[in-house]
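The next block holds one structure in the form of structure tokens; read it before the comments.
Just so it is clear, none of the values below were taken in a lab; they were calculated from the coordinates. All values reported here derive from a predicted model rather than from experimental measurement. Cβ: placed from backbone, ideal geometry, glycine included. Neighbour counts: every protein chain shown.
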Amino acid sequence: MKHTPEPDLTPLDRIARVDAPPFLLTRIRQKIDESSRTRISPTFQWVVGIAAVLFLALNTFAILKVTQKTKSTPVLAQGMNVVPTSFYNE
Amino acid sequence: MTKNVRDTFDDIYHAHKVLVYNLALSYLLVAEDAQEITQDVFVSVYQGLKSFKEQSSITTWVYRITINKSLDFLKAKQRKKRFGFFTSLFHPETNELKYDKPTFDHPGVQLENREAVERIFKCIHQLPDNQKTALLLSKIEDKTQAEIAEIMNLSAKAVESLIQRAKQNLSAKLSKSEG
């Protein structure tokens, strides 16, 4: 195995730990307050979600009902003898 | 903020502010950017406080958030630089630089040491993210391999090899930058 020399990192040992600026906590609190004000509550998210699901379900149900109706219309018309299908054949 | 959460948060802030700020400084090398990351880290800590499951210690959790936020910030900065041609960096009339932001402004580095530290840091920042993180935690934060393994969610053996590779790559980069 090729031996590589250890890099000289001694200048890094002379880095001093610095304290965080004192104004940071105030800014953090401000950001937290802002984010909690703009955040949508979980209850509201659930309500919107359920409303969206209901809306979709009702729409699907309505579409299905309409297609079923249009399919059964000729049958119904024939049963009631409203459409004289045999008129031209006679 | 409710009183109880606020008190817990304040305790966490006072116990970890130096750690977060200094680690962010090691990644970003600019005091202003490190302050921004420190704020973001503690906002995330506050928001995650309720869902924090004590699978790891608070300190390990704070370390992870700081590392992820710093790496994301660096990536975003890199992306901004890459698409920098969309906006001119110079004033159209005077031809002077519009944004003269320093690339190295570490308040913990003394003036006589600055050049050497800046050169080492610039080489460290050319390393892959995991090697960079392992090396910074070991050299700057003085963490043991076991502690680094916990923070990085790796085995101690993997950390050892990461640090070894980081040192080899750094050695090559430093000798290249000298020559």
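Details
- Under the Debye formula (equal points on every Cα, no solvent term), log10 I(q)/I(0) of the stretch B:110-179 at q = 0.14, 0.18, 0.25, 0.26 Å⁻¹: -0.44, -0.67, -1.06, -1.11
- Relative packing of peptides B:69-77, B:167-175, B:16-24 - highest average C-beta neighbours within 10 Å first: B:16-24, B:167-175, B:69-77
- Each Lys or Arg adds one and each Asp or Glu takes one away; over the other residues whose Cβ falls under 10 Å from the Cβ of B:Leu137, this sums to 0.
- Note on B:Arg6 and A:Gln68: with the Förster distance fixed at 51 Å, the Cβ-Cβ geometry gives a FRET efficiency of about 0.30.
- Cross-linked pairs A:Lys31/B:Lys17; B:Lys77/B:Lys176; B:Lys17/B:Lys69: Cα-Cα separations exceed 19 Å for B:Lys77/B:Lys176.
- The residue list A:Ile63, B:Val45, B:Ser138 was ranked by how far each Cα lies along the charge dipole of the protein assembly as shown toward its positive end, using unit charges on Cβ atoms, and A:Ile63 comes out on top.
- Between the Cα long axis of helix A:24-38 and the first principal axis of chain A there is an angle of about 0°, rounded to the nearest 10.
- Between the stretch A:4-23 and the stretch B:15-64, the Cα center-to-center distance that results, in Å: 19 Å
- Dividing the Cα radius of gyration of the protein assembly as shown by 2.2 N^0.38 Å, with N the residue count, gives 1.66.
- Taking chymotrypsin sites (Phe, Trp or Tyr not before Pro) as exposed when DSSP calls them loop and at most 14 other C-beta atoms lie within 10 angstrom, chain A has its longest site-free stretch at A:24-86.
- For residues of B:103-114, the mean tally of beta carbons on other chains within 10 Å: 3
- Karplus-based coupling profile of the stretch B:132-144, in residue order and whole Hz: 4, 4, 4, 5, 5, 5, 6, 7, 8, 8, 6, 8, 7, with θ = phi - 60° in 6.51 cos²θ - 1.76 cosθ + 1.60 and x standing for Gly or Pro.
- Per residue, the convex hull spanned by the alpha carbons of chain B comes to 162 Å³.
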